[in-house]
Amino acid sequence: MFFGAAVAPAVFGVLRGAQLSNANELAGMMVQRLLAVINRGGFELSLFLLVTGYFMTKKESRLARFAEMISLSIMAIMTGVSHWIISARMLALRAAMQAPIDQIAGNDPRRMAFDALHGYSVAAMGVAIIAGLFAFLIMARPRAITESEAGPMSS
């Protein structure tokens, strides 16, 4: 969330403020590299939590386990799609443009496709964030201690 709300806008703002002719191109390259780390990390973390969560939550309700597994699956899918499909297509389009994106007309089909992919990327990241937060809330909520877990000294 910090990346989308602070880092990306700051990178674009600073580079545009420097009055560079290719400010958006440079900012986009920086954001793309940072997003690659976030997406891969989110994908790996969600897979790790899926596997460990499956084996570690035996005493939870079936509904809570199901909601956690679904949320983590959605996070894995969205970060994977964002990184390996959407970002890859955006990079290919930028390479095909053979000029900085700032110099491509807004009505150019490649620019329009790039802008549409950017929208999909933002949506995928938003869904991944919401799914991750939901999974976190499920994992972090207090659980009731059963009598067998409390042991003989609890009486």
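The values are calculated or read from the model by the stated rules, or taken from the named source; none is laboratory data. No experiment lies behind these values; they were computed from the predicted model shown. Here Cβ is always computed from backbone atoms with ideal geometry, including for glycine, and neighbour counts include all displayed protein chains. Note: areas computed on protein heavy atoms with side chains; ligands, DNA, RNA excluded. Shrake-Rupley method; radii C 1.70, N 1.55, O 1.52, S 1.80 Å.
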- Query: For the range 66-93, what are the residues that are open to solvent by less than 50 Å² (accessible area, probe 1.4 Å) and not aliphatic (A, V, I, L, M)?
  - Reply: E68, S71, S73, T79, G80, S82, H83, S87
- Query: Can F114 be described as among the aromatic types (F, W, Y) and within 18 Å of N24 (Cβ to Cβ)?
  - Reply: yes
- Restricting attention to the range 1-49, report how many residues are at pLDDT 90 or above and over 21 Å from the mean Cα position of the chain (by Cα). 8
- Item | Among (1) under 15 Å from A124 (Cα atoms); (2) of a type outside the set (A, V, I, L, M); (3) open to solvent by less than 80 Å² (accessible area, probe 1.4 Å) - the single one R40 does not satisfy | (3)
- Tally the residues that are open to solvent by less than 50 Å² (accessible area, probe 1.4 Å) and closer than 15 Å to L137 by Cα, restricting the search to the range 51-64. 4
- Among the residues of the range 99-112, how many are in contact with a Lys or Arg (Cβ under 7 Å, 6 or more places away or on another chain) and either on the phi > 0 side of the Ramachandran plot or open to solvent by less than 40 Å² (accessible area, probe 1.4 Å) (or both)? 2
- Which of (1) at pLDDT below 95; (2) crowded, with 19+ Cβ neighbours inside 10 Å; (3) small (G, A, S) does A96 not meet, given it meets every other one? (2)
- Task: Return the residue satisfying two criteria in turn: it lies in the range 17-37 and is buried (at least 16 other Cβ atoms within 10 Å of the Cβ) and of a type in the set (G, A, S), and of such residues it is nearest to L117 (Cα to Cα).
- Result: G28
- Identify, please: which residue in the range 113-128 is open to solvent by less than 40 Å² (accessible area, probe 1.4 Å) and not aliphatic (A, V, I, L, M) and is, among those, nearest to S73 (Cα to Cα)? G126
